[in-house]
Amino acid sequence: MARNDGKPDLAPHAWTIVGSGLFWAWVDSLFMGSLFPEGSLLSIFVLLAVSLLGALAGLVLWAVSKRIRRILLSPKLFLLAGVAGCLSCLVLGVSAYCGWAFMLACGVALGAFYLLFSVVNWGVAYCLHRGESAVACIAASFALAVVVDLLIVAIDPVARSVFLAVVPLASFAVRRKVRIPNYDELSAEFPLSDDEGRKATSGTRSIGERLFRMFGITPVALGSLLLMMLCFGYMQYIMSSGAISAQLGNWHVPAVIVMQVARGAAALLLLGVAACAPKRTDLVFKAGLLVAVAGFLTMPFFSMAQLAWLSGAMVMAGYTFFDTLIWVLVVRACCTRACDPVSVILAMRQVANGIGISCGMIFGMVLPGCFPKEMSFHPDAIVAGYAATIAAMLVVGSREVWLLFEASAKRAVSQGDERDLEPTQLRLKSLGEKWGLTPREQEVFAYVAAGRSQPWISETLCIAEGTAKTHIRHIYQKAGVSSKQALIDQVFQDESSERA
């Protein structure tokens, strides 16, 4: 929803910001190892296990039919997920000090269950906001999470598990205030279902084109995003393994606070740009990726100077930009291409994120052993820095990624208040309703009537050319014409008839 001046209105998003912010604070607690003693390897194991188990569950649900995926939006099951998140904190907190493997496994399973349901539910809530306002909503939720994270760092370690156990229940209570539709209502909101998308590309054998249809970006762009996530997973291992905390000693807690403040500052910067200059958010994302690269590349030098926390602060800030970018791409892929949000969220956010973080942590464990121990220049960090540089260059240079921003803006205009539409747009909308065009066909029809070519439409709407061709063919059939010129003539003929 937007105000008359074109800037996003944050008021309708208040409950989404609070509920998802509490959830991200719970996720951050896993990354910070708040439930375990400082430097405990259990925190690494729990994060790795929760990430892998969540990714596996997301992959299974993504691969099955939508009849099974619909359970993810069930309020009753989300209540069970909230209880699972609560119990996971208590169980993990106890197992951290008792060393009971069975309780540790139960805590991991409960945490993965809560993670899966929360990612999908709050992701759908982001998708429903659409347009530029989603950037502000996501950034505000991350900023709120940082505030909760600082409270967690400040309290007694023993009390953290109790405090964190309340967070999932509070998030569920807020979830009841947010109007998240069920699966059938969601299909009406985003009318291009998986089945229709498969029919549109049924004659296409290219894996790349199928991935483009599902995610709105090419496999190269998707791979670059995954590579960047892998680098963040490596950094997560370095921060959780105790290497930085051992270097800092008594300065560990202040350094954690500095890194969280950097994360909060990045979120507030995004929020300010999204509220004041929404068309410039892509520049902030690109700059944020460069900040992350700088953090990776300076880590070997800062480690030698006992300033590893400064690299951590830069990476944390960059991760905030990157994580927000991933969510914005999910939202805009769903909004511009009208595909199933649950399926996209499971694949792009749950599966890709879990695999990237997990593989990055595994590389963090393996990479140092690949180099001689007498080397004091942290060659593993240099490798991670180069990988982050390559990933950032691919993301920043990916035309497909940033086209989603342009396509989203155009779609937002096409879905604006009818009183602000030009007479031609109103006529096209009327003709589309008369011919029984679907929402996606209506959008393609507007571009065809304006004389745009099929490749231009495909690129602008971030859809495969085969999909655009299918939509155009259906439009011709419903309009009773056989060519673009005949369709344009039909539009102007109807206009002349109306004037007469």
request  = Go through (1) small (Gly, Ala, Ser); (2) at pLDDT 85 or above; (3) crowded, with 23+ Cβ neighbours inside 10 Å; (4) within 20 Å of GLY19 (Cα to Cα) one by one and return the number of the condition SER133 breaks.
outcome  = (2)
3 or more residues modelled with pLDDT of 85 or more: qualifying helices (runs of 4 or more DSSP H) within region 261-351 = 281-304, 308-337
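Can you find a residue in region 474-489 that is under 14 Å from TRP435 (Cβ atoms), at pLDDT below 85 and of a type in the set (Gly, Ala, Ser)?
Looking only at region 474-489, we keep the residues that are under 14 Å from TRP435 (Cβ atoms), and these are 474-481, 486-487.
Among the residues that remain, those that are also at pLDDT below 85 are: 486-487.
Still in the list and also of a type in the set (Gly, Ala, Ser): 486.
Yes, the conditions are met somewhere in region 474-489.
Going by the structure shown, is ALA109 touching a residue at least 24 places away in the same chain (Cβ under 8 Å) and closer than 27 Å to VAL284 by Cβ?
Working: touching a residue at least 24 places away in the same chain (Cβ under 8 Å): yes; closer than 27 Å to VAL284 by Cβ: no.
Spelling it out, it is not the case that ALA109 is touching a residue at least 24 places away in the same chain (Cβ under 8 Å) and closer than 27 Å to VAL284 by Cβ.
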request  = State yes or no: is ALA274 touching a strand residue (DSSP E or B) at 6+ places or on another chain (Cβ under 8 Å), small (Gly, Ala, Ser) and either surrounded by 24 or more Cβ atoms within 10 Å (Cβ to Cβ) or closer than 15 Å to GLN236 by Cα (or both)?
outcome  = yes
request  = Kindly check whether there is at least one residue in region 149-158 that is among the β-branched types (Val, Ile, Thr) and under 30 Å from LYS279 (Cα atoms).
outcome  = no
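Can TRP402 be described as part of a helix (DSSP H, G or I), within 29 Å of GLY58 (Cα to Cα), at pLDDT below 80 and not aliphatic (A, V, I, L, M)? Explain how you work it out, then say what you get.
Values: part of a helix (DSSP H, G or I): yes; within 29 Å of GLY58 (Cα to Cα): yes; at pLDDT below 80: yes; not aliphatic (A, V, I, L, M): yes.
Answer is yes for this residue.
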task = Starting from region 480-492, take each residue that is closer than 16 Å to THR470 by Cβ and list its partners that are exposed (fewer than 11 other Cβ atoms within 10 Å of the Cβ) and modelled with pLDDT under 80, counting only C-beta distances under 8 angstrom and pairs at least six apart or across chains.
result = LYS484/GLY451
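The values are calculated or read from the model by the stated rules, or taken from the named source; none is laboratory data. Fair warning: this is a prediction, and the values are worked out from it, not measured in the lab. When we count neighbours, we look across all protein chains shown, and the Cβ atoms used for this are built from the backbone with ideal geometry, even at glycine.
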